[in-house]
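Read through the structure below, which is laid out as structure tokens, and then see the notes.
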Amino acid sequence: MAEVSGTCDERFEAVRQTFEGNLESGADVGASVAVALDGELVVDLWGGWADEDRTRPWQRDTIANVWSTTKTMTFVCCLILADRGELDLDAPVATYWPEFAAEGKDRVAVRHLLSHTAGLSGWDAPMRPEDLADWDRATAALAAQAPWWEPGSASGYHAVTQGFLLGEVVRRITGVSIGAFFAQEVARPLGADFHIGLPESEDHRVASLVPPPPIDLRAVRASDVAVRTFSNPPLDATQTRHAWWRRAEIPAANGHGNARSVALVQSVVAGGGEARGVRLFGERTSERIFEEQSYGTDLVLGVPLRFGMGYGLRTDLVPIGPRACYWGGYGGSVVVMDLDARLTVCYVMNRMESGLVGDPRGMGLVLAAAGSLTG
């Protein structure tokens with residue numbers, strides 16, 4: 001039996017069993033799972049190892065790079081500003097970032113950034129991985145280039161660029177970086193141990209990611225847009241071990257946390273803008289998540305996706321509730337929020353699979369949690 005630590009409400013025993021099974025089978029090396037109901041943690045489990053050599057146990061405060069699950073934190077920041085009336089999700093991006101209007105982007109709206117429909121899934125200018133630590137370079141290059149397809153016509157996953165695009169809008173409005181805004185306005189009031197830009201003092205807690213098998217985009221006949229998106233700059237899991245990556249603010253890809261911290265933040269979404277007595281935005285703002293922005297085969301990922309304001313929404317392939325939303329990260333991390341059930345389920349791990357937005361390990365835990373709730 002795998003050694004698992006933490007707490008689990010007896011109603012959610014199926015989540016514990018599924019989690020233990022992932023560790024026992026070797027599907028996971030180290031991982032954490034958290035479930036929040038009405039904003040309160042009813043499952044908070046962790047187990048396994050924080051490194052591939054199995055020398056460091058995964059502990060309560062172990063954190064990991066969660067890749068695109070970070071995007072859900074940028075969405076919360078945008079919803080806060082929208083609720084305050086400082087950000088109009090339907091307004092042109094250039095309202096807040098005048099330079100962005102270049103090359104015919106004057107009509108690209110904030111909602112296009114949130115839904116991956118802005119046509120800016122990658123950079124035209126050559127980018128080295130380390131250039132992602134240069135905020136001004138990354139954002140100026142995006143502001144200067146033309147869209148790769150007609151904005152609003154289709155989604156094309158903005159795997160890394162979305163965080164810079166939304167983050168620059170947040171910076172133009174607030175005068176501070178999105179990492180600083182998130183820390184002050186979200187993580188601190190919610191008591192969430194999640195970081196966009198990790199302090200050096202926390203390096204000792206970081207689990208080492210176990211890289212997945214490499215993907216040959218040409219071999220799988222990926223679209224030209226996909227190849228351009230993922231090859232400039234080329235990224236791999238080993239780069240997350242470098243100081244430049246951890247210190248940078250890459251708000252679509254380099255957030256560090258665990259299942260507990262992600263669930264503590266995203267339970268606000270499940271609670272219609274409030275959790276544990278902390279309200280970040282109103283219920284009317286939370287409903288905007290479900291305003292469908294696109295639904296079709298994504299130009300980058302090549303699979304059917306349905307996007308609302310930031311989050312992914314229910315499809316036949318993702319059979320979550322009608323008022324549920326989700327997103328996940330490269331390698332397997334995932335978080336799902338169901339506003340009808342007021343349920344949040346999150347999974348964070350270090351052994352990566354090749355999927356870009358979640359995989360069966362996390363979805364198995366989501367199904368176990370949902371099944372436990374309905375009996």
Inset, instruction - Restrict the check to segment 210-220 and report whether at least one residue is over 19 Å from Ala133 (Cα atoms), at pLDDT 95 or above and out of contact with any Phe, Trp or Tyr (no Cβ under 8 Å at 6 or more places or on another chain). - result: yes
Inset, instruction - State all residues of segment 82-118 that are of a type in the set (Phe, Trp, Tyr) and in a loop (DSSP other than H, G, I, E, B); if no residue qualifies, say none. - result: Tyr96, Trp97
Inset, instruction - Would you mind stating whether Arg60 is in contact (Cβ under 8 Å) with a residue 24 or more places away in the chain and part of a loop (DSSP other than H, G, I, E, B)? - result: yes
Inset, instruction - Kindly state which strands (runs of 3 or more DSSP E) lie completely within segment 295-347 and contain at least 2 residues that are modelled with pLDDT of 95 or more and closer than 17 Å to Gly255 by Cα. - result: 324-328, 334-338
Inset, instruction - Could you name every one of the helices (runs of 4 or more DSSP H) located completely within segment 129-217 that has at least 3 residues being surrounded by fewer than 22 Cβ atoms within 10 Å (Cβ to Cβ)? - result: 135-144, 161-174
Legend entry - Test for Val29: is it hydrophobic (A, V, I, L, M, F, W, C), touching a strand residue (DSSP E or B) at 6+ places or on another chain (Cβ under 6 Å) and over 30 Å from Gly272 (Cα atoms): yes
Legend entry - Residue match in segment 250-273 (condition: outside any helix (DSSP H, G or I), surrounded by fewer than 22 Cβ atoms within 10 Å (Cβ to Cβ), free of Cβ contacts under 8 Å to residues at least 24 places away in the same chain and of a type outside the set (Ser, Thr, Tyr)): no
Legend entry - Matching residues in segment 277-294 - criterion: being farther than 13 Å from Ser153 by Cα and assigned to a strand (DSSP E or B): Val278, Arg279
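The values are calculated or read from the model by the stated rules, or taken from the named source; none is laboratory data. Computed from a predicted model, the values in this text were never measured in an experiment. Virtual Cβ from ideal backbone geometry, glycine too; neighbours counted across all protein chains shown.
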